[in-house]
């Protein structure tokens, strides 16, 4: 069942085009790297603020307001380009351990972000400076940073375990 | 290009290069560090440039935004150069004999000069420099990926 779905996905005309057109895959990969650099870079700005390591004089609310629109746009672009690359060889990617780990880490980063928005970040409007930011926010920030570093590492290891230019 | 050929051949035969070629986890780990440093540089340059263009962070002055984010452009640069140099030592011809690598280095020089120049106070061309340096950073990321697809050496 799962195999049939993956096979159907990689048989679509768009997946076939990505697989067979020599220049399409590298261009998609370029956009993917740029998008993920902006995701990780912009999230780290929030994470470092939560950890009290940067933007210490600026409120958490102002920091997230400036940065999160960039994060979401870049994430959408990374997901789109990542989806295209996945579709081009769906069966191989789906069975790659690093690909599975990468998806799991992105899921955990999402849960961590959800926990911040729903629970940990309650009252974050009052966190004007790093000194006013509670310890639990530092933990969320550190966890997020570690998870996203893991996502980048898994992404690179996918390239070395699947037969593709590195 | 005989001298460059000989240099690449010599470099890839050194024990340091051999180690980098044979220990499987080193290259992906160094590439991960390289990408994380790129993330810091490109995102921070984007924040400064968005403010220069008046497209974001308008509750703060240009100077305040530059003070906040420019350190995250400059201090990862040594990390980028060190990790990039490690990748070159591992596979010298892949980069040094690859035109895309030299395009990337040219764009890097342009991006650094553009970022420095856009910080001069009251410069009328600051916005143009912001757009040009952003384009250069994007080109650097793209060229970095294309090095893997264009044959060097």
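For this structure, a couple of remarks:
- Index of the failed condition, residue B:51 passing every other in (1) more than 23 Å from residue A:61 (Cβ to Cβ); (2) crowded, with 23+ Cβ neighbours inside 10 Å; (3) free of Cβ contacts under 8 Å to residues at least 60 places away in the same chain; (4) more than 9 Å from chain A (Cβ to nearest Cβ): (1)
- Comparison of A:48, A:84 shows that the only residue that is in contact (Cβ under 8 Å) with a residue 60 or more places away in the chain, away from every other protein chain (no Cβ under 14 Å) and at negative phi is A:84.
- Of the residues making up segment B:22-32, those that are more than 9 Å from every other protein chain (Cβ to nearest Cβ) and in contact with a helix residue (DSSP H, G or I) (Cβ under 6 Å, 6 or more places away or on another chain) are B:26, B:30.
- The one condition in (1) closer than 24 Å to residue A:141 by Cβ; (2) within 9 Å of another protein chain (Cβ to nearest Cβ); (3) over 20 Å from the mean Cα position of the chain (by Cα) that residue A:56 fails to fulfil: (2)
- Selected residue [within 11 Å of chain A (Cβ to nearest Cβ) and modelled with pLDDT under 95] from B:150, B:138: B:150
- Count of segment B:14-35 residues which are without any contact (Cβ under 8 Å) to a residue 12 or more places away in the chain and under 16 Å from residue A:36 (Cβ atoms): 3
- From the list B:3, B:37, the lone residue that is exposed (fewer than 12 other Cβ atoms within 10 Å of the Cβ) and assigned to a helix (DSSP H, G or I) is B:3.
- In segment A:1-24, the residue that is surrounded by the fewest Cβ atoms within 10 Å (Cβ to Cβ) out of those that are touching a helix residue (DSSP H, G or I) at 6+ places or on another chain (Cβ under 6 Å) and in contact (Cβ under 8 Å) with a residue 24 or more places away in the chain is A:19.
The values are calculated or read from the model by the stated rules, or taken from the named source; none is laboratory data. Computed from a predicted model, the values in this text were never measured in an experiment. As a convention, Cβ positions derive from the backbone with ideal geometry for all residues, glycine included, and neighbour counts pool all protein chains shown.
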